[in-house]
Amino acid sequence: MSATTTPVPRTASAPGSGGRVGGSRAALYRYGVGTLAVVASVVVFVVPFAFILLTAAMDATQASEFSFAWPRNFQLWENVVEVVQTRDYILVIAFINSVVLTLVSVTALVVLGSMVAFVLQRRVTRWTGAINFLVLSGLIMPPAIVPTIWVLQRFGLFATMPGLILVEIAFGLSFSILLFRAFISTIPRELDEAAVLDGAGPLRLFFRVVLPLLRPVMVTVVLVQSVAVFNDFQNPLYFLPGDAGATVQLTLFNFQSQNLSSYNLLFTDILLITIPMLLLFLFFNRQIVAGLTSGAVKG
Amino acid sequence: MKLSTRSPRWLALAAVLVVGPVAGCSAGSLGSSEEESGGGTTITWLTGVDETAQATAEAIVAAFEDANPDITVKLDGKPAGGEGDNLVKTRLQTGTMPDVFDYNSGSLFQQIAPANNLAPLDDSVVGAVDDTFFPQVSVDSTVYGVPYGTAFGGGVMYNKKVFDQLGLTVPTTWAEFMSNSEVIKAAGIAPVIQTYQDTWTSQLFVLGDFHNVAAVQPTWAEDYTANQAEYATDPVAMAGFQHLQDVHDAGYENADYASTKLEDGMRQLAAGTGAMYPMLSANITTLQSVAPEAVADIGFFALPGDDAASNGLTAWFPNAVYIAKTTEGEALEASKKLLAFIASPEGCEAFGSASDPTGPYLVEGCELPADVPPVTKDVQTYFDEDKQSPALEFLSPVKGPNLEQITVEIGSGIRSAADGAALYDEDVEKQAQQLGLEGW
Amino acid sequence: MSTTLRQASPTATSRPARGRPRTRRSPYPGWFYLPAAVVYGVLFLVPTLASFYFALTRWTIFTSEFIGLGNFVQFFQEPALTKGFVNTFVYAALTSGAKVVLGLALGMLLTSQIMGRGYLRAVIFFPVLVSTVGVGITFRVLMNPTKGAINAALGVVGIDGPGWLVDPSIALLSVAAVDIWKGVGLATLIYMAGIVSIPKEYYEAARVDGAGSWTLFRNLILPLSWPATSTVVTLSLIGGLRSFDLIWSMTRGGPGFTSDVIASVIYKQYQAGFYGLSTAGNVILFIAVTAIVLPLTRFLARKEVEL
């Protein structure tokens, strides 16, 4: 153990009474702070969401008034139907494309990103600084669209789904590597050594020993990258042009123009494309909770 | 130590990586409701993805396919605004543009390297197009596009009821404009509506004034392109900037000018809480959507200069439809037929059925229907009386990117007109150099 | 025994296996880099390097004319540049600082035993999921000085709310507030992951020692969730320095130029078709951000605690 500021575990010499969860002080904390937090959250987070919901339920004329009011004609369902039917059900195609894109690229990002982060953190060579810089540059430098198209065309991957998947992987690697690398340092090397002694090769060491311990950060990466890929509009617009390759964010453009924007349909679309991500988050929310209660098993 | 089983994960991963691309390939076929006509040609038309653009294009395509049963036209969508422009340039550059697309005419047309990227058109396609339109879609004497839509004007939309109530007439000089505004303000109505949450609307005072500049100095556009004329040192040209400042300084703007959007401005105009709204006549569509009951009450007049005799409209040419150079063979023939259709009276009719005309058509034989809004009728009058000339962007490729921000500053009182004009002159230098113009 | 694998072992793989059945190869093989390196190199590094070339040209996307450092000179002559740089730094500092502090506080709150934390987690993370267009329009409406809900609520308490997005002096700050609103959920999520990664034994041991909440926080949670902190600081700082989407959709850099940041200056040049100039701007922004972030990451890495 090299941490100097962590208190060294030792047998209790006196029963600790401060800070233990239980008793009236804890109950006050649980419910009092909880209620306060819920109220604050309603004001800060739920109110804007309410605006989106209300506007999505308005008719076009009222939506362009931009007022926070109850819809004169409550037509949420009609708006949803209209949005889904726009341009020959392009929203359905967009959903399918976005789901496929997100699923494949996020899986690859988790696997590839963690592999790189693992070796990067564990094995420090003279190249480590350069690699760190390259990873960082991926976060800082925006992608160069036209040269990337040229590269894709060279490989015959332009305007194809696999090409777009590879592009999303390339642009998302930096974030994944950064996050994984930061958390791999919390896994003690003794585990590696023990596994190697047991005869584990690098693949088994990584996938069976290390990766399971990275559950919380894996969940985080999956969640964040899914959101990023699902909500991306620039890459699909340029690298998979055409209606067959539409993704969900691009459908928002269906309702915006210089002369006329259908704000009610726009917000309905925003709601519709936010819901899958919200469901994903709620699902993974449980994973985080599971991580909290079972605790990371170390040493 | 708990070890979770790994093999299902590998299996799942492999499955996804195989299924993914396959599913991606087949998803595209879900939405196509058109069937391939046996033996016919199919071409693709890239147009705006927003509702208005799609509805208009669909109307034209429906009429065209009726007249040409062996050709099918599919529509592809691009985002409105700047993102769509970038997409057009990118697709042209990478050789991935669909057969047909619509885009701006004038200086923006010149920027997409037409000679390299577009297919030239002959008389059979453009025969019916008005001569005045050709310079906007040609390089030397080769024509590349046909007009899509109607011409429109940049001037002032005004509430006729308010004018009638206050006994005002349409101003033909700036002095009249200002005195009218004084009367309107005294009546408790905002004389001039400004909507700076949509920054582009702030440019109208400057851009819509060009007819008055050209009336006094006919060669101004050429001089400007050659860096022989500039706004800051030329009081006639700077008048547009100055007018904007004068309107702000006199307090003639609506109180919430900084936080209103286009739609809010239209509503104020329709309700009569604002009397005049410097605007493009093409935005009658916004009015029709926001306040359809007030369309009959709104008229249009050109921005006045100093001289009533030379008062006239600054006109914008419509966008044009082009054919990509990569289109060949049967697709090229079919595309030419489509363009010829658009530039014909039948095409105008189809256009007018989906999208209200906002000015005159530039195709011979296309007449405006009788039930167009008063705004359109007023614009047409200027064309009929030949009291119009093109906006600067159609006579000179020089236009800086920051004009709308500068005009917002002037209209908000943050910057003076003189400073703003000088700043804009600096701004256009970049554009001129980018285009490789001589003299800059 | 515990030190053999910890050292940098570049020599381990170069030593040929001679009668040593174990540890003949490092368990951290170089080929783990390979698939990622191929994809990243071909689809990101190569195009980026190509674009560096275009930064030295006048690029209309159709033709390019080599002009050396002309674009860079022109970029630095941009009138709104100083204001843009100042705005960028202020914006980045504000948003990343707030996200770090609030994220940690919320992370701690939401991993404790308070009531309703499941709902709170969902609600705090929700803004991260909503598209920027939607957030931009929503807050433009809420922040409307005369009709907006925020000023209406303040009016009830008797406060005259300012023009959040139309007053030149506070427009940028208002956008920063919305940025924090939108991004704090992500910071919280990362912090939660970090806090959850701390083994339970440490908590128990510390409590057995009689550590109070503050000591627990300062000596246990803060250092051991350092990976989370360093990630949040790095990501939010880079994001803040490069931020564009929200500013553009809320104010377009306005009113006038007062809330312009470097990224929006670059975007305007891109929109106007000055592709070479905007690429040069991106290079400059890249250098500026790297100059700030790289030393920071080194500093943060040094304070990392290894178990």
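The values are calculated or read from the model by the stated rules, or taken from the named source; none is laboratory data. As the structure is a computational prediction, the values presented were derived from the model and not from experiment. Ideal geometry is used to build each Cβ from the backbone, glycine not excepted, and the neighbour counts take in all protein chains shown. Heads up: the accessible areas ignore ligands, DNA and RNA and are worked out on the full protein's heavy atoms, side chains in. Shrake-Rupley method; radii C 1.70, N 1.55, O 1.52, S 1.80 Å.
Any residue at all in the range A:232-249 that's away from chain B (no Cβ under 11 Å), farther than 30 Å from A:Val83 by Cα, among the hydrophobic types (A, V, I, L, M, F, W, C) and open to solvent by less than 10 Å² (accessible area, probe 1.4 Å)? No, the range A:232-249 has no match at all.
Just so you know, in the range C:60-75 the residues that are in contact with a Phe, Trp or Tyr (Cβ under 9 Å, 6 or more places away or on another chain), at pLDDT below 85 and open to solvent by less than 40 Å² (accessible area, probe 1.4 Å) include one that is nearest to B:Gln110 (Cα to Cα), and it is C:Thr60. When each of C:Thr82, C:Thr88, C:Thr146 is tested for being part of a loop (DSSP other than H, G, I, E, B) and among the β-branched types (Val, Ile, Thr), the lone residue that passes is C:Thr146. Across the range C:123-180, the qualifying residues are those that are more than 13 Å from chain B (Cβ to nearest Cβ) and acidic (Asp, Glu), and the one among them that is surrounded by the most Cβ atoms within 10 Å (Cβ to Cβ) is C:Asp179. Filtering A:Gly138, A:Gly129, A:Gly113, A:Gly156 for residues that are without any contact (Cβ under 8 Å) to a residue 60 or more places away in the chain, more than 10 Å from chain B (Cβ to nearest Cβ) and open to solvent by less than 20 Å² (accessible area, probe 1.4 Å) leaves a single hit, A:Gly138. Cβ-Cβ contacts under 6 Å between residues 6 or more apart (or on different chains), taken from a first residue in the range C:153-172 that is at pLDDT 85 or above to a second residue that is open to solvent by 50 Å² or more (accessible area, probe 1.4 Å), are absent. At least 1 residues being in contact with a Lys or Arg (Cβ under 7 Å, 6 or more places away or on another chain), buried (at least 16 other Cβ atoms within 10 Å of the Cβ) and more than 14 Å from chain A (Cβ to nearest Cβ) is the threshold, and among the strands (runs of 3 or more DSSP E) wholly inside the range B:51-167 those reaching it are B:71-78. Taking the range B:325-365 as the range and being out of contact with any strand residue (DSSP E or B) (no Cβ under 7 Å at 6 or more places or on another chain) and closer than 28 Å to B:Pro278 by Cβ as the test, the residues that pass are B:Phe351, B:Gly352, B:Ala354, B:Ser355, B:Asp356, B:Pro357, B:Pro360, B:Tyr361.
Among the residues making up the range C:271-307, those that are surrounded by 19 or more Cβ atoms within 10 Å (Cβ to Cβ), on the phi < 0 side of the Ramachandran plot and not β-branched (Val, Ile, Thr) are C:Ala272, C:Phe274, C:Tyr275, C:Gly276, C:Leu277, C:Ser278, C:Ala280, C:Gly281, C:Asn282, C:Leu285, C:Leu307.
For the range A:53-70, filtered to residues that are part of a loop (DSSP other than H, G, I, E, B) and farther than 19 Å from C:Ala152 by Cα, the residue that is most open to solvent (accessible area, probe 1.4 Å) is A:Asp59.
Residue by residue, here is whether (1) within 19 Å of the chain's Cα centre (by Cα); (2) part of a helix (DSSP H, G or I); (3) in contact (Cβ under 8 Å) with a residue 12 or more places away in the chain holds:
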| residue | (1), (2), (3) |
| --- | --- |
| C:Gly240 | yes, yes, yes |
| C:Phe257 | no, no, yes |
| C:Thr279 | no, yes, yes |
| C:Ala288 | yes, yes, yes |
| C:Ile292 | yes, yes, yes |
| C:Leu296 | yes, yes, yes |
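Does the range C:261-272 contain at least one residue that is within 21 Å of A:Ala144 (Cα to Cα), β-branched (Val, Ile, Thr), within 19 Å of the chain's Cα centre (by Cα) and not in a helix (DSSP H, G or I)? Looking through the range C:261-272, at least one residue is within 21 Å of A:Ala144 (Cα to Cα), β-branched (Val, Ile, Thr), within 19 Å of the chain's Cα centre (by Cα) and not in a helix (DSSP H, G or I). Here A:Ala170, A:Ala182 are screened, and the one residue that is buried (at least 24 other Cβ atoms within 10 Å of the Cβ), modelled with pLDDT under 85 and of a type in the set (A, V, I, L, M) is A:Ala182. Among the residues of the range B:187-203, those identified as assigned to a helix (DSSP H, G or I) and open to solvent by less than 10 Å² (accessible area, probe 1.4 Å) are B:Thr201, B:Ser202. Listed conditions (1) closer than 13 Å to A:Phe171 by Cα; (2) surrounded by 20 or more Cβ atoms within 10 Å (Cβ to Cβ) are all met by A:Phe95, apart from (1). Residue under question is A:Leu120, and the condition is that it be open to solvent by less than 50 Å² (accessible area, probe 1.4 Å) and either in contact with a Phe, Trp or Tyr (Cβ under 6 Å, 6 or more places away or on another chain) or not in a loop (DSSP other than H, G, I, E, B) (or both); does it hold? In short, yes. Got at least one residue in the range B:277-293 being in contact with a Lys or Arg (Cβ under 8 Å, 6 or more places away or on another chain) and modelled with pLDDT of 90 or more? No, the range B:277-293 contains no residue that is in contact with a Lys or Arg (Cβ under 8 Å, 6 or more places away or on another chain) and modelled with pLDDT of 90 or more.
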